[in-house]
Amino acid sequence: MRNRFVYGVILLLSIVTAMTSCKDDATFLTDSNATLNFSSDTVFFDTVFTSNMPRIPLSVNHQFVVVNPYNESVKTNFRLSGGDNSVFRINVDGEVGPEVNDILIRGNDSVFVFVELSVDPNNDPQSLPLIVRDSIHISTNGNRQNVQLIAWGQDAHYFLRDTICDATLDDKLKPYVVHSYLYVPEKCTLTIKEGVQMHFAPRSWLYVEGTLIIEGTKDEKVKFQGDRLQPQFEEVAGQWGGIWLDYLSKGNRITHAEIKNGTVGIYCDSSDIQTVQNAPPNVVVENTEVRNMSFDGLSGKTAYIKATNSVFTNCGRYTFLGLWGGRYDLKHCNFTTYSYDFSRREPTFALNNVQINEFFQITGIFRMVYDVQNCIVDGGLQEEVSFGIFKNVPDPVYFGDTLFNNNLVRTGRKFVGIHTNNKVNISPAFLDIRQHDYHIDATSGAIDIGTNVGVTRDFDEDLRNGTPDAG
């Protein structure tokens, strides 16, 4: 019996010694370029945690794995970007943070990272962001990697890389929030009713191959904007992607919408040129305002676009761009950028139907028809209109009935031929462009310069008289 005990003690000591020796003798990788592998680069919490029982915080847990792919061991540090103020907490190999340092990951081994989300129950849920974000910085030998943390904030309708078909969005009380994209396939229709609020996370798009119908009203516009609700983001461009109408998309109509703070307001992708000339418009835009776009407000490539009684303003590149030909019917619209937020070199309004190579040689000419009447094209540059956007390339050749008449334009060109009755370099005298009030005062050069084009009501749905104003 005694011998068995002695042997048992010796065996136990041997195991402990072996384990200790293994730990002490670990070879560590010191390469500053060492990178670890993650089971996921983004952790999503897709439960609306603000709808929990009153005064009882909801704690939601997810996990991911960090893998050391090397034969040597590493020591790694984990830190929440938001620190003590973050609504997230991490647990790495049993140690709790917001910051956990010197976690040993042996060669070809891994550790689990548990992420917990909890909210102060005394907070008003509506004071929280629509989407809560943070990130975990993971540093190994000074080389930093990141895992993104994303959670739904308020009680809202959320879309995460979703496809939608033959659906109607009509909830005026809870916003609709899109992360990554909301996709409308070909032969499907998405209808968005009056008063709906649409919010988009950064780099998120409404992508349409089918048909988009937006049915806002004068008093209840459909609003598109980013998901940052703080006052400092109220008028900041580039917070989300935009509305992308694919070349397959047909029959789109946007009425009484406010689209702001994105990359591109409305973009129509290429269409077959014969279809453009003989079919209805790819999109009809009416009584809509598009503003604060880091690139373009309204643009099309070989598209058929019809816009009436609409405002396109404060864009980093073009408020309107018609590229590679197409058909563009623009009546009683404003196209203006005054460079308060952007440094621009190119005119705000551009039409072009040529394709060029890197040597500025014309490699293709596309059919173009445009009818631009009773519009205001103005801005902070001396030249705000272009009929051939590429430098050193002559104005394009036009096909069919083309008009550019009775507009108020900031330009250095002389309008002749197909461009008639335009007033140039006269102030439109908007009431308050800083506050986005594009009504004109009594001194405006746009008063009574228009012609009757059959648009009987204006942006506010008021009746126009027999000699309408431009814009």
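The values are calculated or read from the model by the stated rules, or taken from the named source; none is laboratory data. Keep in mind the model is a prediction, meaning the values are calculated, not measured. Ideal geometry is used to build each Cβ from the backbone, glycine not excepted, and the neighbour counts take in all protein chains shown. Surface areas here come from the heavy atoms of the whole protein model, side chains and all, with no ligands, DNA or RNA. Shrake-Rupley method; radii C 1.70, N 1.55, O 1.52, S 1.80 Å.
The table that follows gives values for the structure above.
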item	result
Rg(Cα)/(2.2 N^0.38 Å) for region 156-212, N = residue count	1.04
Accessible surface of region 107-253 [probe 1.4 Å, protein heavy atoms]: carbon and sulfur percent	47 percent
Candidates per chymotrypsin sites (Phe, Trp or Tyr not before Pro) in region 308-379, loop by DSSP, up to 13 other Cβ within 10 Å	Y340, F359, F360
Distance (nanometres) between label positions extended 7 Å along Cα→Cβ at K187 and D432	5.1 nm
For region 135-195: accessible area per residue (Å², 1.4 Å)	43 Å²
At most 16 other Cβ within 10 Å, DSSP loop - GluC sites (Glu not before Pro), region 71-108	E72
Distance in nm between pseudo-label sites at N101 and N71 (7 Å out along the Cβ direction from Cα)	3.1 nm
